[in-house]
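Colleague: Just passing along the structure, written as structure tokens.
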Amino acid sequence: MLVFTYIPPYDLDHIPKNKEAVVDWQALTTQHAALHVAPTQLRQVAERRTLPAGISLFHQGDRPQHIFFILTGEVRLMRHSPQGQEMILQRAQAGFIAEASLDAARYHCSAVAACSSEILAFPLQGFKTALCDDQDFHHAWSSHLAGELRRLRAKCERLCLHTAAERILHYLATEGDGGSLTLTQSRKAWAAELGLSHEALYRTLRKLQDEGVLEVAATRITLIQACADC
């Protein structure tokens, strides 16, 4: 479970600036294809910041003032159930996060760094202006949102499945490559994303291994054969 660090109502100044005063856009666009179409007017107002592990980027109820892009590390959108259980809504490791905040009056969830992370912060109004003024950027943004919608639908479909085994195998099919997946998070965090307790995840992984359905080697999980009970 992440340890949250409280910050006052939304203020970007609580996040340290990156040591590099000037953003190296040539390097960033090489590493992150999604930034390649960012117009000059938007690049000029972007700020690069370092978000320490456990620090909140924003809280539920804060008023959006920026659009964020995660360069390194991982930032998660999270809410808590009435029972206090963490619910992970989005995990951003290299890309935009909280895209719906573009037209929202308030954030509907909180964002917290799972580890030390570097982010780009684009002023909200500047981002909107760039979308209106630059057709290529507007098209790229629309394509990005379409991809996020497809991933969200897959997640909703997965959470409607009844058994832990079904959810695990669905995740491999939709998020893996040819039936194989390398986890980029802890198994406890993965369990939260699957809507399972970590005990249920460990127990089901062991059962699927014993049945010869999966092969688990450290962070690598590979589908061996179909599950008869799934």
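Colleague: What is the magnitude of the charge dipole of the stretch 162-223 about its Cα centre, with +1 placed on the Cβ of each Lys and Arg, -1 on the Cβ of each Asp and Glu, and no other charges, expressed in debye to the nearest 20?
Modeller: Numbers: 7 positive and 8 negative charges, 43 e Å.
Taking the Cα centre of the stretch 162-223 as origin, the dipole is about 200 debye.
Colleague: Express in whole angstrom the spacing between the alpha-carbon centres of the stretch 176-192 and the stretch 95-118.
Modeller: First find each Cα centre; the distance between them is then 22 Å.
Colleague: Let me ask something else. Choose one of L172, S186, V213: the residue whose Cα lies farthest towards the positive end of the charge dipole of the stretch 162-223 (beta-carbon charges +1 Lys, Arg; -1 Asp, Glu; about the Cα centre).
Modeller: Towards the positive end, the residue furthest out is S186.
Colleague: Please state the equivalent ellipsoid semi-axes for the stretch 12-155: what are the square roots of 5 times the Cα gyration tensor eigenvalues, largest first, in whole Å?
Modeller: Working through the eigenvalues yields semi-axes of 24, 19, 14 Å.
Colleague: Explain nothing, just compute: Karplus ³J(HN,Hα) = 6.51 cos²θ - 1.76 cosθ + 1.60, θ = phi - 60°, for every residue of the stretch 36-50 in order, whole Hz, x for Gly and Pro.
Modeller: Per residue, the Karplus-derived 3J(HN,Hα) values read 4, 8, 4, x, 4, 4, 7, 4, 5, 10, 6, 10, 9, 10, 10 Hz.
Colleague: For the stretch 88-230, what Kirkwood radius comes out of the mean inverse Cα-Cα distance, in Å?
Modeller: 17.5 Å
Colleague: Right, something else. Rounding to the nearest 20 debye, state how big the charge dipole of the chain is about its Cα centre with +1 on each Lys and Arg Cβ and -1 on each Asp and Glu Cβ.
Modeller: Rounded to the nearest 20 debye, it is 360 debye.
Colleague: Related question: Given the C-alpha atoms of the stretch 83-137, compute the convex hull and give its volume per residue in Å³.
Modeller: 111 Å³
Colleague: For Y171, Y202, what's the fewest-to-most ordering of other Cβ within 10 Å of each Cβ? The partial results should precede the final answer.
Modeller: Details: Y171 19, Y202 15.
If I rank by nearby Cβ atoms, fewest first, I get Y202, Y171.
Colleague: Going out from 0 in 5 Å bins, what whole percent of all Cα-Cα distances in the stretch 162-223 drops into each bin?
Modeller: Spelled out per bin, shortest first, that is 4, 20, 32, 33, 11, 0.
Colleague: Another question, if that's okay. What distance in nm separates the two pseudo spin-label positions at E148 and E211, each 7 Å out from Cα along the beta-carbon direction?
Modeller: Result for the modelled spin labels: 3.6 nm.
A short reminder: the numbers here are calculations on the coordinates, not readings from a lab. Here the structure is a predicted model, which means the values were calculated and not measured. Cβ: placed from backbone, ideal geometry, glycine included. Neighbour counts: every protein chain shown.
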